[in-house]
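Note sheet for the following structure.
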Amino acid sequence: MSTKIKRDITGLERRRREGMRLLAQGVSQAEVARRCGVSRVSALRWERQRTVAKGAAWKRRPLGRRPKLTSPQKQQLENALRQGAQAHGFLNDLWTLPRVAALIERQSQVRLHPGHVWRLLGQMGWSLQRPAGKAVQRDEAAIARWKKHTWPALKKSP
């Protein structure tokens, strides 16, 4: 059984900002580390960042790998998905993960595995939709007649 510990990103940023402020006032790195409750190595790193990056050094950097698709590319994909699969040369209007992956590669020259396409579509608010299994030649009037007249005659009585 594992428990996930959630990091307090805003608290870390607040400590970094306070440490940068103290360093700017000339407080020693050891004293900054003691007051902010961090290691001296962190205070040393803050001092280096403060001298190199100037004003925005206290802001946190984004965690993890940068996304392969930019926001404009995601918006372009969204518009293309709304147009339908047939508008992009597919035989029917059914979007599958390999088709979406092919569309992404065609539009933005970025290759994604279908499993990653699934995750991307989920982030964009798209969900799995299964097509209704109804025949094209289905006659609703004939079905209604059968349900009203034929089925009660065939059905056993209690």
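The values are calculated or read from the model by the stated rules, or taken from the named source; none is laboratory data. From a predicted model like this one, the values you see are computed outputs, not experimental measurements. As a convention, Cβ positions derive from the backbone with ideal geometry for all residues, glycine included, and neighbour counts pool all protein chains shown.
Among what's in the range 95-117 and is within 18 Å of ARG65 (Cα to Cα) and surrounded by 13 or more Cβ atoms within 10 Å (Cβ to Cβ), pick the residue that is farthest from the chain's Cα centre (by Cα).
Filtering first and then ranking leaves VAL110.
Can you tell which of ALA53, ALA33, ALA57, ALA24 is modelled with pLDDT of 90 or more and either touching a Ser or Thr at 6+ places or on another chain (Cβ under 7 Å) or of a type outside the set (S, T, N, Q) (or both)?
That would be ALA33, the only listed residue that is modelled with pLDDT of 90 or more and either touching a Ser or Thr at 6+ places or on another chain (Cβ under 7 Å) or of a type outside the set (S, T, N, Q) (or both).
Among the residues that make up the range 125-137, is at least one of them exposed (fewer than 11 other Cβ atoms within 10 Å of the Cβ), out of contact with any Leu (no Cβ under 8 Å at 6 or more places or on another chain) and in a helix (DSSP H, G or I)?
Among the residues of the range 125-137, not one is exposed (fewer than 11 other Cβ atoms within 10 Å of the Cβ), out of contact with any Leu (no Cβ under 8 Å at 6 or more places or on another chain) and in a helix (DSSP H, G or I), which makes the answer no.
Tell me which of these LEU121 doesn't satisfy, since it passes every other one: (1) within 17 Å of THR70 (Cβ to Cβ); (2) of a type outside the set (D, E, K, R); (3) assigned to a loop (DSSP other than H, G, I, E, B).
Result: LEU121 passes all but (3).
Pick from the range 64-94 the residues that are loosely packed, with under 12 Cβ neighbours inside 10 Å and aliphatic (A, V, I, L, M): which of them is farthest from SER108 (Cα to Cα)?
Once the filter is applied, the top-ranked residue is LEU91.
Any residue in the range 128-140 that is within 18 Å of ALA85 (Cα to Cα) sitting within a Cβ distance under 7 Å of a residue that is in a loop (DSSP other than H, G, I, E, B)? List the pairs, counting only those 6 or more apart or interchain.
If the second residue must be in a loop (DSSP other than H, G, I, E, B), the pairs left are PRO131/LEU94.
Based on this model, can you work out whether ARG111 counts as in a loop (DSSP other than H, G, I, E, B), among the charged types (D, E, K, R) and in contact with a helix residue (DSSP H, G or I) (Cβ under 7 Å, 6 or more places away or on another chain)?
In short, yes.
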